[in-house]
Amino acid sequence: MSSTRERHSSSNGKHTNNARPIVIAVMGATGTGKSTFINLASGATHAIGDGLRSCTSEVQYSPQFTVDGYPVTLVDTPGFDDTTVSDTDILKMIALHLQTTYEQGYTLSGILYLHRISDPRMGGISRRNFTMFRKLCGDETLKNVLLVTTMWGNVDRATGEAREAQLGTDELLFQPVIEKGAHLIRHDNTRQSTLNIIRVIMKNHPQVLRIQRELVDEHKDISQTGAGEELGRELAELARKHKHELQEVQEQMEAALAERDIETKKELEEYQKKLQGEMEKAEKDRERLSREYIEEKKRSDEHLAQLRRDLEAQRKAAEERQKEIDRMNEELRNNAKLTAEEQARLRQRIDELQKPKGFFGLVSDAFGALFSGRF
């Protein structure tokens, strides 16, 4: 990832000896093709959902790959309509990743927000996903955002182009963010298309996202961030809706009881039980966001501190191994008295010492483990 303290090299496509790493987040609703895009670009084998079922329930890193001499990593994120994880847990997961990386001096080079052009309209779920996305990013960083339309193979060209035009000009859709610097771009489901899209992002100067500023620079509780407030508002509205429905069901149950309609009463009781459970869940989700985020951030920081200690020990061990390798290579070059058997033993020992991963390989693996939730 690009360090905010680094001196950024040119993004004119030339190869550089110290090319800055490019890290790009891939966001969007379930089923928009996030994992497919990442697999095409990087050669990864992330699971791909069937239809609208989510297969990305955690933040995941792609293997690092190279574009025009620059090392690139894509970050796969779950949508706020995940079929197995609540929106509260999704927000905690994404916020924890963004806060921790920013605290370590790293920022994203840009964000890809994927949207299916095959959708005849931008429905409630898609709008809600996009609203949460905007709250995470903030308007100041929209010039580093690409709105990527996918699934062009599922519509005829005229229909797709008409929907694309509507997305870009409708003030209830993408028009407001395009006015603030975001760009609309097509993805035709080929690797070349993914690389061309990544090249656009590579020209960006990395910027801090709104939620990163709120959590780190402004020291806000997650419930006080733009994304946290939006989620809290939605959960409160959902709880109010369920409460109203419960009142209606209670009235219907009383009417059924008066008419001695036992079968209808039983059906209403089951529905009442379901509504009660959903209302309690919405209320608990609001309450647990701040508490659980603080706890998980503490565990993350402890894990990262241990990680640093482990990596420092690995680095020192690698330095000692390199000194030993240099000494043995020097002996092979300059000690003419070594027998063939002694030379073979030295070369074997050098091979053994060179097997462990380098320091930065260990860092990459460790960050991958940290932000995939395995801590």
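Per-structure values
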{"item": "Residue identified as of a type in the set (A, V, I, L, M), within 18 Å of Ser126 (Cα to Cα) and either not assigned by TED's automatic domain parsing to the domain that holds Arg128 or not in a loop (DSSP other than H, G, I, E, B) (or both) among Leu167, Leu173", "result": "Leu167"}
{"item": "Some residue of segment 148-165 being surrounded by 15 or more Cβ atoms within 10 Å (Cβ to Cβ) and on the phi > 0 side of the Ramachandran plot", "result": "yes"}
{"item": "Residues of segment 133-164 that turn out to be in a helix (DSSP H, G or I) and not charged (D, E, K, R), as a count", "result": "13"}
{"item": "Subset of segment 213-234 [assigned to a helix (DSSP H, G or I) and either among the β-branched types (Val, Ile, Thr) or closer than 15 Å to Met93 by Cβ (or both)]", "result": "Leu215, Val216, Ile222, Ala227, Gly228, Leu231"}
{"item": "Options Ser42, Ser35, Ser3, Ser9: the member that is farther than 25 Å from Leu91 by Cβ, at pLDDT 90 or above and not aromatic (Phe, Trp, Tyr)", "result": "Ser42"}
{"item": "Residues of segment 126-158 that turn out to be touching a Leu at 6+ places or on another chain (Cβ under 9 Å) and either β-branched (Val, Ile, Thr) or more than 20 Å from Asn204 (Cα to Cα) (or both), as a count", "result": "9"}
{"item": "Exclusive hit being polar (S, T, N, Q) and either under 30 Å from Ile211 (Cα atoms) or at pLDDT 75 or above (or both), set Gln354, Gln272", "result": "Gln272"}
{"item": "Pairs with Cβ under 8 Å, 6+ apart, first in segment 59-77 and in a strand (DSSP E or B), second of a type in the set (D, E, K, R)", "result": "Gln60/Asp76; Tyr61/Asp76; Val67/Arg199; Tyr70/Arg20; Asp76/Lys34"}
{"item": "Among the candidates Arg210, Arg186, Arg199, residue that is basic (Lys, Arg), at pLDDT 95 or above and under 25 Å from Gly69 (Cβ atoms)", "result": "Arg199"}
{"item": "Selected residue (criterion: modelled with the highest pLDDT) from residues of segment 47-63 that are buried (at least 16 other Cβ atoms within 10 Å of the Cβ) and under 25 Å from Arg20 (Cα atoms)", "result": "Ser62"}
{"item": "Exclusive hit being touching a residue at least 40 places away in the same chain (Cβ under 8 Å), under 30 Å from Thr100 (Cβ atoms) and acidic (Asp, Glu), set Glu296, Glu287, Glu302", "result": "Glu296"}
{"item": "Evaluation of Leu112 against (1) within 24 Å of Gly181 (Cβ to Cβ); (2) modelled with pLDDT under 90; (3) among the hydrophobic types (A, V, I, L, M, F, W, C) (one fails), failing number", "result": "(2)"}
{"item": "Given (1) of a type in the set (Phe, Trp, Tyr); (2) in contact with a helix residue (DSSP H, G or I) (Cβ under 7 Å, 6 or more places away or on another chain); (3) crowded, with 19+ Cβ neighbours inside 10 Å, index of the condition Phe130 fails", "result": "(2)"}
{"item": "Meets criteria (within 43 Å of the chain's Cα centre (by Cα), under 24 Å from Glu103 (Cα atoms), part of a helix (DSSP H, G or I) and of a type in the set (D, E, K, R)) for Arg308", "result": "yes"}
{"item": "Flag for Lys135 being among the charged types (D, E, K, R) and touching a helix residue (DSSP H, G or I) at 6+ places or on another chain (Cβ under 7 Å)", "result": "yes"}
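The values are calculated or read from the model by the stated rules, or taken from the named source; none is laboratory data. Given the structure is predicted, the values throughout are model-derived calculations rather than measurements. Every residue, glycine as well, gets a Cβ built from its backbone with ideal geometry; the counts of neighbours run over all protein chains shown.
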